[in-house]
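Below is one structure, written out as structure tokens; comments come after it.
The values are calculated or read from the model by the stated rules, or taken from the named source; none is laboratory data. Because the structure is predicted, anything quoted here is derived from the model rather than measured. Positions of Cβ are backbone-derived with ideal geometry, glycine not excepted, and every protein chain shown enters the neighbour counts.
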Amino acid sequence: MEWRAESWLPLALLSFAPPVLFALPLAILIPFTMGAKQWRLCGVQAACLGLLGFVFMTCRFHKPKTTAALTLITHNVGQGNRAAFADSFPAEKPDAVLLQDVARADYRETEYRRRYPSYRNRGVAQFILLTPHEIESVGPVNEPLWRGKPVAARFVIKVGERSVAIYSVHLPTPRKALTHVFSPRVALEMLWLSKAPTDGFSSYREWLDARIALARKLAGVFEKEPLPFVVGGDFNMPDHGIVYHTFANRLTDAFAASGRGWGMTFPGTRDGRIPTLLGRWLRLDYWFAGRGWKPVDCRVGNDTFSQHSAVLARFDPVQ
């Protein structure tokens, strides 16, 4: 699952599941093991729980910095509290805030200017940038596209004497594909006996291949960036598998390098539905450092009224 989850449909789907599901066999085995007084086996089972909770779920123990040359926040505002990025980090004065899933972002500039008068802002497609600095350029990333729409936007701001490129990313949600995984046709496709159409594709395999191809093309865009740059947003990918490592092998995952804890960002709502009762169990929102920057802090906001939590990261320039 860590490196090749999307190579096999069952693992690809399990990568979005709550990790607690992997511990269910132990919930059955441990009482029998303890009843039989098999203490060595109890130790092995405890080690398995530790492996799941701290290695597979990648718990971090870094001591973050509280000051840096660049402080940034990203937040998918599409479902929940549109002010979560400010509510979650009230004491922060970020150099830029990236918002994704903003309906008609180019027409909402006036609204955000009125709400946050100390920030300049620019919107393009579904993306909005808020920043106290000069905005040098704004534009959608026109290749690759998903169903004819951009999945990222490129902003260039002037921070002191530095021009910094900031990419805001929103990769396609897997929600439609995951809503009907418990069906006979999907079970048959897992065994290579049939195909199950999903989310506009003729099969789950085609859907997975399209997601991998999209990630590789977008990573190729980042590799061609001439300016020092950072990348943030809602990637809609777990921190395991081919799609994640497509980015993590080329860029520096800010939370992996400088975060503390597990960094889960989804689902953040507490609406009483069964999935949200488990709390946040997926890391779908990220900051990555590209050429010219290194992450020194990364933390997740504690807002409970948004499906996606805001994420703050700090970066220092690489000398």
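Taken over the stretch 187-197, the criterion of being loosely packed, with under 15 Cβ neighbours inside 10 Å and among the acidic types (Asp, Glu) is satisfied by no residue.
Checking each residue in the stretch 170-186 for being exposed (fewer than 15 other Cβ atoms within 10 Å of the Cβ) and either within 18 Å of the chain's Cα centre (by Cα) or closer than 20 Å to residue 126 by Cβ (or both) picks out 175, 176, 178.
Of the helices (runs of 4 or more DSSP H) entirely within the stretch 3-62, those holding at least 1 residues that are of a type in the set (D, E, K, R) occupy 39-50. Screening 68, 86 for residues that are of a type in the set (A, V, I, L, M), surrounded by 15 or more Cβ atoms within 10 Å (Cβ to Cβ) and assigned to a helix (DSSP H, G or I) leaves exactly one candidate, 86.
Are there any helices (runs of 4 or more DSSP H) wholly within the stretch 173-224 with 3 or more residues that are closer than 13 Å to residue 246 by Cβ and not charged (D, E, K, R), and if so which?
Once the helices (runs of 4 or more DSSP H) in the stretch 173-224 are filtered for at least 3 residues that are closer than 13 Å to residue 246 by Cβ and not charged (D, E, K, R), what remains is 204-223.
If I ask for residues that are in contact with a helix residue (DSSP H, G or I) (Cβ under 8 Å, 6 or more places away or on another chain), outside any loop (DSSP other than H, G, I, E, B) and under 20 Å from residue 142 (Cα atoms), which ones from the stretch 231-242 would you list?
231
Exactly one residue among 310, 289, 254 is at pLDDT below 95, buried (at least 22 other Cβ atoms within 10 Å of the Cβ) and either more than 26 Å from residue 65 (Cβ to Cβ) or out of contact with any Lys or Arg (no Cβ under 7 Å at 6 or more places or on another chain) (or both), and that residue is 310. If you filter the stretch 284-317 down to residues that are polar (S, T, N, Q) and in a loop (DSSP other than H, G, I, E, B), you find that the one that is farthest from residue 222 (Cα to Cα) is 304. Each residue in the stretch 55-103 was checked for being closer than 18 Å to residue 168 by Cβ, modelled with pLDDT of 90 or more and under 16 Å from the mean Cα position of the chain (by Cα), and 10 pass. Screening residue 131 with (1) hydroxyl-bearing (Ser, Thr, Tyr); (2) modelled with pLDDT of 95 or more; (3) under 23 Å from the mean Cα position of the chain (by Cα); (4) over 30 Å from residue 86 (Cβ atoms) gives one miss only, at (4).
Mind telling me which of the residues 227, 214 ends up being in contact (Cβ under 8 Å) with a residue 40 or more places away in the chain, within 30 Å of residue 137 (Cβ to Cβ) and over 21 Å from the mean Cα position of the chain (by Cα)?
227
Of the strands (runs of 3 or more DSSP E) contained entirely in the stretch 115-171, those carrying at least 1 residues that are of a type in the set (Phe, Trp, Tyr) fall at 127-131, 152-159, 162-170.
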